[in-house]
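Structure, as structure tokens:
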Amino acid sequence: MPLKIVRNDITKVKADAIVNSANKNPICGGGAEYSIYEAAGREALLAAREKIGPLKVAEIATTPAFALNAKYIIHTVGPRWNGGVSGETLALAGCYRGALEKAKELGCNSIAFPLISSGVFKFPKDSALQIALRAIGEFLESNEMDIQLVVFDRKSFEVSEELYSDIHAYIDDYYVNDRYMDICAYTSDPRNREWRRNPEPESLVVEECIQENKCFADEGADKLGPISSGSLDDILAKTGETFCDKLFSLIREKNQDDVEVYKRANIDRKHFSKIRSNVNYKPSKKTALALAIALQLDLDETKDLLARAELALSPSNKGDLIVSYFIERKKYDIWEINSMLFKFGQPTLGA
């Protein structure tokens, strides 16, 4: 679980280290810091914090976690927003980098962050999120750690309004409401199929498929040969590459190695080793899509990879449409994709 965005109270998260967006002075501030002090044990934590003394912006300090389900609390002072002209962006990135390096130094395997500075320090939430994802992503490029970005309320989880609106429009254009399930009507050119709402009776649409596309049997005829020829054993012997066969073939074709692929896919090493060692491995859709993003596949290549795991992109699934939106635009930043999936209440990719 390299990076997972979760909706929770950070004091209820289990991790080796919990990050506290701290006040400069050894006092119990407001917001998430207040919750951490209350859950850990106010008097004990305050006494430990007083021994440390004042902290500068982006400075890191560590105390025991006391009653929290963790080993350590890593304290860092986030910057106050001042219009973006006082080095706030660099300072905020420094908070994440410093906390991650301290967790690594302490031998932590897992860490949980709040969205630092996005509360009482008034840092714009969409900017704070992008800085957090970028800093965490850079750390994970060369390190192994389970990281949770914990947000208390999905409504307070803000993303780029322009991108959010654009994705909303994309979903509105393509989303199929389950109560009025559309019938898949194919155009005569199998390379130009599209989903569309069709008011005609289903029988007419089926007849259209038969007349125009011969139920798209012709498309696969050159690959499979005549369906009627040969025994069932002969037909089954011609099955194509498995998901794993195709995955590792693509990795070789794109001159990539396992490490960069599983890191870009937001998958941990153990999970990827399981894929590598089992030729019959069947991934979940979120794992398969994460790997497609890591390999920067186009939409047709993504559909092909999914099909080899008996999976498919659905025009009636918001999560699938969001991923398709990014793939069509050749935007393969899994952190940005996951932030949008989380905002829309959809499962995130990878971890």
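Take region 96-121 and flag every residue that is of a type outside the set (A, V, I, L, M, F, W, C) and at pLDDT below 95.
114, 117, 118, 119
Condition check ((1) of a type in the set (A, V, I, L, M, F, W, C); (2) over 22 Å from residue 145 (Cα atoms); (3) within 17 Å of the chain's Cα centre (by Cα); (4) modelled with pLDDT of 95 or more) across all residues:
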residue: 285; (1), (2), (3), (4): no, yes, yes, yes
residue: 298; (1), (2), (3), (4): no, yes, no, yes
residue: 302; (1), (2), (3), (4): no, yes, yes, yes
residue: 309; (1), (2), (3), (4): yes, yes, no, no
residue: 315; (1), (2), (3), (4): no, yes, no, no
residue: 318; (1), (2), (3), (4): no, yes, yes, no
residue: 339; (1), (2), (3), (4): no, no, yes, no
residue: 344; (1), (2), (3), (4): yes, yes, yes, no
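What are the pairs with Cβ atoms under 8 angstrom where one residue, in region 325-351, is within 18 Å of residue 170 (Cα to Cα) and in a helix (DSSP H, G or I) and the other, located anywhere, is at pLDDT 90 or above and of a type in the set (Lys, Arg)? Sequence gap at least six, or different chains.
Within 8 Å, the pairs are 337/331.
Within the bounds of region 134-141, is there any residue that is surrounded by 16 or more Cβ atoms within 10 Å (Cβ to Cβ) and either modelled with pLDDT under 60 or not assigned by TED's automatic domain parsing to the domain that holds residue 81 (or both)?
No, region 134-141 contains no residue that is surrounded by 16 or more Cβ atoms within 10 Å (Cβ to Cβ) and either modelled with pLDDT under 60 or not assigned by TED's automatic domain parsing to the domain that holds residue 81 (or both).
When the residues of region 17-32 are narrowed to those that are surrounded by 17 or more Cβ atoms within 10 Å (Cβ to Cβ) and at pLDDT below 90, which ends up farthest from the chain's Cα centre (by Cα)?
29
Check off (1) over 29 Å from the mean Cα position of the chain (by Cα); (2) buried (at least 19 other Cβ atoms within 10 Å of the Cβ); (3) polar (S, T, N, Q) for residue 76 and give me the number that stays unchecked.
(1)
Hey, any hits in region 45-57 for a residue that's under 27 Å from residue 348 (Cβ atoms) and not assigned by TED's automatic domain parsing to the domain that holds residue 267?
No.
Quickly run through region 105-122 and pick out the residues that are out of contact with any Gly (no Cβ under 7 Å at 6 or more places or on another chain) and either buried (at least 22 other Cβ atoms within 10 Å of the Cβ) or within 16 Å of residue 61 (Cβ to Cβ) (or both).
Residues of region 105-122 out of contact with any Gly (no Cβ under 7 Å at 6 or more places or on another chain): 105-115, 118, 122.
Passing the criteria: 105, 106, 108, 111, 112, 113, 114, 115, 118.
Taking region 40-81 as the region of interest, how many residues are assigned to a loop (DSSP other than H, G, I, E, B) and without any contact (Cβ under 8 Å) to a residue 40 or more places away in the chain?
Total meeting the criteria: 8.
Looking only at region 116-151, count how many residues are hydroxyl-bearing (Ser, Thr, Tyr) and touching a helix residue (DSSP H, G or I) at 6+ places or on another chain (Cβ under 6 Å). Break it down stepwise before answering.
Residues of region 116-151 that are hydroxyl-bearing (Ser, Thr, Tyr), as a first pass: 117-118, 127, 142.
Those still in the list that are touching a helix residue (DSSP H, G or I) at 6+ places or on another chain (Cβ under 6 Å) too: 117-118.
Summing the residues that are hydroxyl-bearing (Ser, Thr, Tyr) and touching a helix residue (DSSP H, G or I) at 6+ places or on another chain (Cβ under 6 Å) in region 116-151 gives 2.
Which of the residues belonging to region 33-54 are modelled with pLDDT under 95, among the aromatic types (Phe, Trp, Tyr) and crowded, with 19+ Cβ neighbours inside 10 Å?
Selection gives nothing.
Please indicate, with yes or no, whether at least one residue in region 262-279 is in a helix (DSSP H, G or I), among the aromatic types (Phe, Trp, Tyr) and surrounded by 22 or more Cβ atoms within 10 Å (Cβ to Cβ).
Yes.
Look at residue 82 and say whether it is exposed (fewer than 14 other Cβ atoms within 10 Å of the Cβ) and in contact with a strand residue (DSSP E or B) (Cβ under 9 Å, 6 or more places away or on another chain).
Judged against the criteria, residue 82 is not a match.
The values are calculated or read from the model by the stated rules, or taken from the named source; none is laboratory data. Everything numeric in this text was worked out from a predicted model, so none of it was measured. Virtual Cβ from ideal backbone geometry, glycine too; neighbours counted across all protein chains shown.
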